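Enquirer: One structure coming up, written as structure tokens, with questions to follow.
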Amino acid sequence: MKIVPGDFDHPQVIELLRLHLAGMHANSPPGSVYALDLSGLRRPDISFYTAWDGEALLGCGALRELSPAQGEIKSMRTFPQHLRRGVAAALLRHMLAEAGARSYRRVSLETGSGDAFEPALALYRRFGFVSGEAFGDYTASAFNQFLHLDLPPS
């Protein structure tokens, strides 16, 4: 598996992000989805990564800089046919290494609630993320939750 900066014009990337948004809207009511589309991910404070096996896109994820000391994991998604093969773990490991290289002290994320989100929550908890307060521009609701990971000093 190779992880590289993502190309927003690649057809497989476009399709995976379309699936990501559709999945988020299918599992959360209108007004409670904070997932980013292509235009939202193209911001200068976001680094977007893709995982590949040869010519096949496996998954994607993004790291957003909230401040010089804090980053946010955004838009983690694996193509359904590649689930449970370590794709999300490899992307998360890559983004946490990047967060450490940037000297972030904390990495946070917002995700949905309910059964559909349990596999992602289990992954984040395995990496040491813990539940916590809302951050940034997010508003807490019954449909989302917040996780945080304090990073060791670099």
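Just so it is clear, none of the values below were taken in a lab; they were calculated from the coordinates. Nothing here was measured: the structure is a model prediction, and the numbers come from that model. For neighbour counting, all protein chains shown are included, and Cβ atoms are generated from backbone atoms with ideal geometry for every residue, glycine included.
Enquirer: Rounded to the nearest 20 debye, what is the charge dipole size of region 50-145 about its Cα centre when +1 sits on each Lys and Arg Cβ and -1 on each Asp and Glu Cβ?
Expert: In total the dipole reaches around 300 debye.
Enquirer: Same structure again: Between Asp115 and Ala101, what length comes free when the chain is fully extended (0.36 nm per residue of separation minus the Cα-Cα distance, one decimal in nm)? Intermediate values should be presented prior to the final figure.
Expert: On the way: separation 14, 0.36 × 14 = 5.04 nm, distance 3.37 nm.
Stretched out fully, the Asp115 to Ala101 stretch lengthens by 1.7 nm.
Enquirer: Next question. So if each residue of separation counts as 0.36 nm, and I subtract the Cα-Cα distance between Met1 and Arg42, what length gain in nm does that give? Let's see the in-between values first.
Expert: Numbers: separation 41, 0.36 × 41 = 14.76 nm, distance 2.39 nm.
Once the chain is fully extended between Met1 and Arg42, it gains 12.4 nm.
Enquirer: OK, next. GNM, the chain, Cα, under 10 Å: largest mean-square fluctuation among Gly54, Gly100, Gly71?
Expert: Its mean-square fluctuation being the largest, the pick is Gly54.
Enquirer: Taking the Cβ-Cβ separation of Arg125 and Leu66 as r and a Förster radius of 22 Å, what is the calculated FRET efficiency to the nearest 0.05?
Expert: For R0 = 22 Å, the calculated efficiency reads 0.55.
Enquirer: Net charge near Glu110, counting Lys/Arg +1 and Asp/Glu -1 over other residues with Cβ under 9 Å of its Cβ?
Expert: Summing Lys/Arg as +1 and Asp/Glu as -1 gives 0.
Enquirer: What's the ranking of 82-93, 116-127 by average number of surrounding C-beta atoms within 10 Å, highest first?
Expert: Ranking the peptides 82-93, 116-127 by packing returns 82-93, 116-127.
Enquirer: Simple spin-label model, 7 Å along Cα-to-Cβ: Glu133 to Asp53 in nm?
Expert: Rounded to a tenth, the inter-label distance reads 4.3 nm.
Enquirer: Let me ask you something else. Quick one: Cα centre-to-centre distance for region 85-125 and region 44-71, in angstrom?
Expert: Taking the Cα centre of region 44-71 as reference, the centre of region 85-125 is 11 Å away.
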